[in-house]
Structure formats: structure tokens, C-alpha cells
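Working notes, beginning with the structure itself.
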Amino acid sequence: MKLTEEDLQKLANLAIDAAVRTGKFISESQPGKVEHKGTGESLATDVVTEVDRQSQELILKILNPSLEEYDLALLTEESPDDGSRLEKDYFWCIDPIDGTLQFIEGTPGYAVSIALISKEGIPQIGVVYDPWTHTLYHAVRGGGAFRNSNPWKLPNVGNRLRIFTDRHESEGPKFKPMVKAMDAESGTYGGAVMNALWCLENPPACYFKFPTTGNLGGSFWDFAAITCIYNELDLWASDVQGHTLQLNRPEAITLSHCGVLFATDPTHAKQFIQLNANPMFA
């Protein structure tokens, strides 16, 4: 079933409703009991709270009817991948709380992220709600990007490049050398979604993750919605070699193999790609 522009707008409105309601619920909640998934990886990828699960339930309560009506598949962080994303024409891709560690610590950097992706891996809808600032970001393919429902034009903030990344990445051996090589300053560390959005709020800026192993490189739900927003702003969203992100690769739901790069301008994106090709970053 191929979706029309009208279909996409209806589904975007559903996703906005789900993200805003869930975001407000999160902003009024306490983490409660913190569980560990036992991944053996970074703390950020290992922790989960009851609020994560309750948030997913709130989102699905709103989006579930669309699964049958539009013949959609579903992929979420808190549920196993059932493979339907490879069979249906489109699938919802949901992270109920991206940045759970920041939520637990009571610091900025967490968000609700909902995307609709085609079987080919192209984001059609991207919706993000930041419970910390109560800011809504959304985009529909071919329809532009919006901040709090207003057409979004990036602010003029400064001249010095800022680099945002997560805590685990910032502690890696390549991060500080890359920041120095790009003559940049590093910013606040949040979840993937807010790192990419902070770039848009503080240009010129970029967010990157080097290729790695396991789930440390992030999954589709970390990057789907923000890729849609970047695409509609005609900004840079790629892997670390400049290739289009594969947001429905059959082999795995992670992008650890290729890394990610989001930038507010092509000059700094190309600078990163050129530097990353240097043997010192191998």
C-alpha cells in the first residue's frame, strides 16, 4: 500500500499527538526502578525504566489503529524486531525515551522520537518531542520541517564549530583528536536525538559517531526521525563516509558498522569525512 500526501499528513498528526502526550507524561514522571538489560555495553544503552515501557504503551495506544488501516509494520526499542519491517511498505520506528540515562539523571538530553520509514529505508515522517523544554520538532517528506508547528529556519548563533555527541563517544580515543583537528569546541552530551537537534539549535555544529561494535553505534530508532528533519532542512545526514544512512538494512537494526554524521553545513561535514579517512582515525 503506497501512502499519499494526505495519508502521510494524517499519520504525521497521529505521531505528533502521540509524541506530545507521551512527552508531557514523561515530564511529570520520575524514573522509578532502573533495570539493566544486560547488554554488557555502555550504561546509556543498558538502562531501562518503567517509564520507558509506559511511554511506549501510550504511543502504541494512539498509533496501533494505523497499523491495520494503512498496513504498517512496527519497530520499537522496547520490543523485539519481528522482521515485518522488511515485508510491509512502511513501518513505524519508535524510541519512547531516547536518552534514558539523561532522564534518570534529571538532566537535558532525552526525547520522544517517532518516525515512519519506507521499506527502502527512506524516512517519510519524523517527530520529536523534547520534554525538558516542551519543544516539538517534526517533518514530513516533501513537506518541510517545523519547530513548534512553525516552519523552521535555523538561527544565526556563532562562528565557532560546536560538536555534540554522547558520553560514551566522548570518552573514546578518536573523539578529542577529531575535535582538535576540526578546531571545534565540544558541547553537552545527550541522547542521539537531542544531540542532532542541539546542532540545529546551535549552528554551526555537527554530531557524529564513529563505527563500532554491538549496539554502541545506535539503532534505526535513534536516527530515523532526525534524518527526516535534516533531509527536509536540506542539511547533512549520512554515515561517516558520506553515504546515505541505511535505515532498513536487513542484516541488523543498528548502524554500528558505518557510524553517523549530522552537520548543519556541508563544509564541516566534508572536513570530518576527509579527516576521518586519515590513518590516524583508523
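A short reminder: the numbers here are calculations on the coordinates, not readings from a lab. Predicted model, so just to flag it, every value in this text is computed and none were measured. Heads up, the Cβs are rebuilt from the backbone with ideal geometry, glycines too, and the neighbour counts pull from every protein chain shown.
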* To do: Among 105, 120, 50, determine the one that fluctuates most according to a GNM of the chain built with springs between C-alpha atoms less than 10 Å apart.
  => 105
* Pair-distance profile P(r), taking every C-alpha pair of the chain, with 5 angstrom steps and integer % -> 1, 6, 14, 18, 20, 18, 13, 7, 3, 1, 0
* Percent of beta bridges antiparallel (DSSP, the stretch 5-151, rounded to nearest 5) -> 90
* **Percent of beta bridges antiparallel (DSSP, the chain, rounded to nearest 5)** => 80
* Which lysines, on any chain, are close to residue 270 with Cα under 21 Å apart, when same-chain ones fewer than 8 places away are left out? -> 174, 176, 180, 209
* Asked: If R0 is 35 Å, what FRET efficiency do you get for residue 153 and residue 84 from their C-beta distance, rounded to 0.05?
  -> 0.40
* Given the peptides 273-279, 196-202, arrange them by the average over their residues of other C-beta atoms within 10 Å, most packed first. => 196-202, 273-279
* Structure fact -> Computed ³J(HN,Hα) along the stretch 141-157: with the Karplus parameters 6.51/-1.76/1.60, θ = phi - 60°, integer Hz and x for glycine or proline, the list is 3, x, x, x, 10, 9, 10, 6, 6, 9, x, 9, 10, 5, x, 8, 9
* What are the residues whose amide H is under 5 Å from the amide H of residue 73, where those residues sit 5 or more places off or on another chain and H is modelled from the backbone? -> 90, 91, 92
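Working out 0.36 nm times the residue gap between residue 213 and residue 234, then minus their Cα-Cα distance, what length gain in nm do you get to one decimal?
Here the segment from residue 213 to residue 234 would lengthen by 4.6 nm.
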* Enter the mean projected area of the convex hull around the alpha-carbon atoms of the stretch 162-281, in nm², rounded to one decimal. => 6.6
* Selection from 237, 179, 72, by position along the positive dipole direction of the chain (Cβ) -> 179
